[in-house]
Amino acid sequence: MAERTRSRTRRTEPSVWEAIMADPTVPIGRRTLELVVRDQQRWSRTWLLPWVRLLSRLAVTLISVVKRLLPWQVRAHGTMDSLCVWFLRRCVAPEAGELLIRHFVVETQLLNFVVRNAGVPGLREVDLLPTTLRELGDRAVIEHDLNVYDVMIALGSAATPPGARLRNLARPTGPLDTSMLTVPPLDTEPGRRRLLNLDIQTALYLMNVPFALCLTSEEYRRAVHSMRLDISLLALLTQLTGDSTFLSWRPEGSVLRVDSTVDVPRSVYEHAVICEYAFARLIRTAAGAADGATGTVPRPRRRPTETGTRHATTGVTRPRS
């Protein structure tokens, strides 16, 4: 009898993955969360990542030191693009490739949400919306970083005096435009035979080496600092929606500190997670499903989803019917 009582009161032993999938505080969509969990369960993350991380950081440090000593700067964007596309198609798991392409789209749509709703005339929307691994080779990495700078600089230049910049981006009184909050179908060539099926984190450490080698020191520093601008982006989303939840995801550090010696692949991964959090929060808010202060955005006629189709004439991604 006592044994049966103990067995009934004995605690279960849940796995880490079960806890992550069930965690109610993780705001990203179920499909994306499943991709993340499957990616982290890959053998390469357990057995290769610790060694690859060490070797990658040593290689990037050596490259940075040599570049500082050279009287000229190495720039090979085409070589970098070709190497990365080949590596993604031959050595990276399709799920990891999907997460990478998805990040480019998600960040573009976050920027476009700000552009459309900021109420600042003359702002140009971002059109970097890759859907295949091959499209990541068309200067996508460089354009991805430049787009963040372009939007932030345009917003700052449109408001005067400088101290009034954020205040001038007042929360819109009418419904926010959320029609861009979609991700089109992505093709990661799952049927292609691969030499390896690496997880996204191991892949990022390996790809950081050609990035450091093929970009100039200034380009590499600019790419690293672009992730610090998440602080600014989250502040803008808070200003536009009235939802302070965005501020809770701000990364450590300050936009006033320029530093290229951080653990770049780790920062890239955290940056992608922050963007996914913000994207999912905007979708939930627009659908009228968020809590507390997030109920400030009127329900749109169509609920934004994580997939959609692109308008044939304008190129703007619209939700599926």
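Between Leu198 and Val92, Ala93, the built amide H atoms are under 5 Å apart, and every one of these is 5 or more places off in sequence or on another chain.
Computed 3J(HN,Hα) for region 231-240, one whole-Hz value per residue from the Karplus formula 6.51 cos²θ - 1.76 cosθ + 1.60 where θ = phi - 60°, is 4, 5, 4, 5, 5, 5, 5, 5, 4, 6, glycine and proline marked x. Annotation for region 98-142: trypsin sites (Lys or Arg not before Pro) lying in DSSP loop with at most 16 further Cβ atoms inside 10 Å of their Cβ are Arg124, Arg139.
Residues Ser226, Ser254, ordered by accessible area of protein heavy atoms at a 1.4 angstrom probe radius and largest first, appear as Ser254, Ser226. Counted by Cβ distance under 15 Å from Leu54, the other residues give a net charge of +3, where Lys and Arg count +1 and Asp and Glu count -1.
The values are calculated or read from the model by the stated rules, or taken from the named source; none is laboratory data. Note that the coordinates shown come from a computational prediction; the quantities given were computed from them, not determined experimentally. Glycine gets a Cβ as well: all are built from the backbone with ideal geometry, and neighbour counts include every protein chain shown. With ligands, DNA and RNA removed, areas are computed over all heavy atoms of the protein, side chains included. Shrake-Rupley method; radii C 1.70, N 1.55, O 1.52, S 1.80 Å.
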